[in-house]
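Visitor: The following block contains the structure, expressed as structure tokens.
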Amino acid sequence: MSSCFSGSDRKLQRNNSKVHDDGRADVSFDEKLQAKLMRKFHHEDKKAKRNPDEAESKEPKRAAFHWRKRKDDFVADLQGFEGVPRMNIAPFIALGNVLQKAPYNHRVRICTHPNFKDFVEDNGLEFYSIGGDPEKLMSYMVRNPGVIPSLESMKAGDVGDRREEIAEMLEGCWRACTQGGNGVDPIRLPQASKISTDTIMQLPDPFIADAIISNPPAYANIHIAEKLAVPLHMMFTMPWSPTTAFAHPLANLDTDKGDRKLANYLSYYSMELLTSEGLIDLINDFRENTLALDPLHAAWAHQLLPQLKVPFTYCWSPALIPKPADWGSHITISGFFFMDPKKDFEFDADLKKFLDAGDPPVYIGFGSIVVDDPEAMTKMILDAVKQLGTLVSKGWGGIGGEDVPDNVFLLGNVPHDQLFPHCSAVVHHGGAGTNAIGISLGCPTVVVELDADKLANQIREALKPETKERAKELAAKIKEETGAKTAAKFFHETKQMQDAGCFLCPDQVAVYRVRRTNLKLSALATAILIDHGKLQPQHLKLIRRKRWYVEKGAQEPLIGIYGAIETTGVGYKNCVSRLAKDLHHNKASNAPGKIFVGDAEAAGEVPGALKAVGKFTGSVGMNTLRLPVDLLYNLANGFHNAPFHFFSDDTVRVRGEINGVMSGTKVGFQELVFGFYDAFTGVVTQPVRGYKKHSNEGVGPASFGALKGCGKGLVGLVSKSSAAALGVPGYGFKGLERSIRTGWKTRDTPNENSLALLHALRGQEQDEQQLGNAALALVSQAQGNSTRKQIRGRRGWQCFMELQHLRQNPDKAAAKEEEVLQGWDRLKVPKEFTRVEE
């Protein structure tokens, strides 16, 4: 159902006309739009009840067409191993604590704002800064709590500042998934004349994410997962997956007319489209200039997560909100995430005296909410609680003042899980963490009412015995849940996380594949085999664990034409923005994790004015030349996707991936052959399929199914044959364009830097300057067309760092190396796959 309604995206957007002070957007759908979608929706809704997974997203069948064969009969030597391979993973703190312990033992890196560095590290987890200031972000969200910013914020320049922070965090997320260090402290290399194997070993351990756990507002997630070809699992505290059960949390629906269930479902696409259109230029700048990926258009970019069926786990209790019936099996609800309480915590003397003085007080706090007028907020709270013993948390809002009654205690930073058991009720801003702790501890909860009388009445209601009893009942149910452990289980059970282990070291994740085989190897196994002369780097190909089919493209031809034109316009805008940034900003002075060689900064410099102008001219020229290519490409995609989009034609094939001129030509000819084949055979097969479908499923007269099949066949005849005709030029020129953009360097082979480091770590003499360049490449930011080389180099660095760490324990190293070598011999890999070409 995820793509059934996307053809009306523009109408969905136009119906979002008003945003209220609370940030929620009015969403209504005109009668023509509803009439157009109603029949389709109810048909899909019935299917969802019968089979939620099928209705959620029907994946077209893949064309079984191969030009080259490979040897795929190697099998892993599990040797009794029943666990999961150790990986590099970027998740949340509570979940990270679970993932880095047995039975998983993953390397966990928390990627967040620099303000949280101490908090992350105090919880025993690795930290990496993505930039951004959470207080400024929260202040902006308070003034603009919804999708569309207020006029006042735009006048004040808040929107520009917010966009700069988002751009900074996009880059920070990429560094966090591919770079060593912590993103805050500079990485220092010795001078070139002093670089050696020993000094390289003192660099931060490399980190390349093997899987990503993220949330929707971290907009970089799907794009980084696409580039690294790694699993992505979304986890969030608010519903973000389309459902008929309730609307998007930021949408106000017009319930007076139309079908409420349909409106609920469409509200998710409507709100996502608004966000996508506001940020698509930043996303495309990030995709093109940092990741070397093609730009996207908002008309299909906003549907990526539901279309791709990205696994989602919602971190709330099913006792509060049960899973909707139309969410597929890839969407789960885990329960709240809780961290282990600090065992040695003690209240300070003044707070303990206040808590012991009388009845349990009411807690009032605003957490991370930034308040525009702290004095007015303080007065409102004190007016509401004059007769109550109350704890008021200052939070980030600056709540306080001098004239505070004796029955009010102003709190500093006190852990909620320690404090709430001593409270009679809790009043707060509705944040997920505060809400979860309060409910789990059986505290009646009130979400803040910014009016003294209303707040006082709500607190009185919360203090009633029946309210307290209900809160205790809910707490008892939540007490049985294991949110973080359940989420970790869901994460590992997804299909994308299966068969990830090394064939020789099954407790470690495979990062390489021996070329032309299915033989998968971990970094450590690879290092051992290379060190013992069993393999050479040229034999290895980086594993692509998960292909995210982001390039599916336009839903139909007209959207394709519009998308090509508007994307070109956005490209021109980005060219101008990047030129201004290069000319007027010192990127090096602001870049986290700067690199120094000796005392000199060696990376992150802004290009000189002449170079910046040349880069701008080249970018403008590339955008201009790309317009006709994108038109052909989007038209081919539009005709290819139209039968599935309009008629849910599940015979539409998933086309191959285009990386360069050869793959583009291959995909073009596949489209030519299979497109015409499917177009003409569909005229006969579609009526038969429709007849059988209606007969077997009982969804209507079989003759009506045959009639619908005739319509599908005729539409497919036109659409699929058009795609076939456009496939060769459309996909061929797209491949040519990608080859030009990457400088024709599309081969996944080791470069000079990775080979230099390889030889150095094996004890072979190396030129110091070459070794210095290799070390610099390993710790600098992987960006643009050099990304593939740098990622491969860092995987090589990971291989031999792991081998060096292993050899610090000679007995353990000898046993492990013998185990790997014996496993390799048992595989009996033919010489043709490990032959070194002269």
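Visitor: Could you give the nm distance between label points at F116 and K468, where each point is 7 Å from its Cα heading toward the beta carbon?
Guide: Distance between label points: 3.5 nm.
Visitor: For each of K379, K734, count neighbouring Cβ atoms within 10 Å of the residue's Cβ, then give the residues from fewest to most. Walk me through the intermediate numbers first.
Guide: Numbers: K379 14, K734 27.
Starting with the residue having the fewest Cβ neighbours, the order is K379, K734.
Visitor: Taking amide hydrogens as modeled 1.01 Å from N in the peptide plane, which residues meet the under 5 Å criterion relative to L189, leaving out close sequence neighbours?
Guide: F596, V597, G598
Visitor: Give the long-range amide H neighbours of T332: residues separated by 5 or more places, or on another chain, with amide H under 5 Å away, using H modelled in the peptide plane at 1.01 Å from N.
Guide: F312, T313, Y314
Visitor: Using a Förster distance of 51 angstrom, determine the FRET efficiency expected from the C-beta separation of R70 and D453, and round it to 0.05.
Guide: With a Förster radius of 51 Å, E is 0.10.
Visitor: I'd like the Karplus ³J(HN,Hα) series for segment 807-824: coefficients 6.51, -1.76, 1.60, θ = phi - 60°, whole numbers in Hz, and an x wherever there's a Gly or Pro.
Guide: Values per residue, Gly and Pro as x: 6, 5, 10, x, 5, 5, 5, 4, 5, 5, 5, 5, 4, 5, 5, 5, x, 5 Hz.
Visitor: For a 21 Å ceiling on Cα separation, which of these pairs sit above it: K342/K489; K534/K828; K489/K816; K546/K720; K261/K485?
Guide: K342/K489; K489/K816; K546/K720; K261/K485
Visitor: Kindly put C315, C111 in sequence by how many other C-beta atoms sit within 10 Å of each C-beta, fewest to most.
Guide: C315, C111
Visitor: List F669, F354, F704 from most exposed to least, where exposure is judged by having the fewest other Cβ atoms within 10 Å. Numbers along the way, then the final one.
Guide: Numbers: F669 17, F354 20, F704 13.
With the sparsest Cβ surroundings first, the list reads F704, F669, F354.
Visitor: Got a sec to turn the phi values of segment 612-626 into Karplus ³J(HN,Hα) couplings, 6.51 cos²θ - 1.76 cosθ + 1.60 with θ = phi - 60°, whole Hz, x for Gly and Pro?
Guide: Going residue by residue, I get 5, 5, x, 5, 5, 4, x, 5, 4, x, 5, 5, 5, 5, 6 Hz, with x marking Gly and Pro.
Visitor: What full-extension length gain, to one decimal in nm, is calculated for D185 and E818 as 0.36 nm per residue of separation minus the Cα-Cα distance? Don't skip to the end; give the middle numbers.
Guide: Numbers: separation 633, 0.36 × 633 = 227.88 nm, distance 3.91 nm.
Answer, rounded to one decimal: 224.0 nm.
Visitor: Here is a further query. Between segment 680-696 and segment 260-290, what's the alpha-carbon centroid distance in Å?
Guide: Answer, in whole Å: 36.
Visitor: Still on this model: Peptides 520-528, 163-171, 617-625, 220-228: what's the order by average Cβ count within 10 Å, highest mean first?
Guide: Answer by packing, highest mean first, reads 520-528, 220-228, 163-171, 617-625.
Visitor: Can you tell me the length gained on complete extension of the stretch D344 to T685, counting 0.36 nm per residue apart and subtracting the Cα distance? Intermediate values should be presented prior to the final figure.
Guide: Details: separation 341, 0.36 × 341 = 122.76 nm, distance 7.13 nm.
Computed gain between D344 and T685 is 115.6 nm.
Visitor: Scan around L253 for amide H atoms under 5 Å from its own, H built in the peptide plane at 1.01 Å from N, and keep only partners 5 or more places away or cross-chain.
Guide: V27
Visitor: Suppose every K and R has +1 on its Cβ and every D and E has -1 on its Cβ; what is the size of the dipole of segment 450-515 about the Cα centre, in Debye to the nearest 20?
Guide: So the dipole magnitude of segment 450-515 works out to roughly 180 debye.
Visitor: Would you tally the net charge around K485, using a Cβ to Cβ cut-off of less than 13 Å, leaving K485 out, and scoring K and R as +1, D and E as -1?
Guide: Net local charge, K485 excluded: -2.
None of the figures in this text is laboratory data; all of them are computed from the coordinates on show. A quick note: this is a predicted structure, and the numbers were derived from the prediction, not measured. Neighbour counts run over all protein chains shown; Cβ positions are idealised from the backbone, glycine included.
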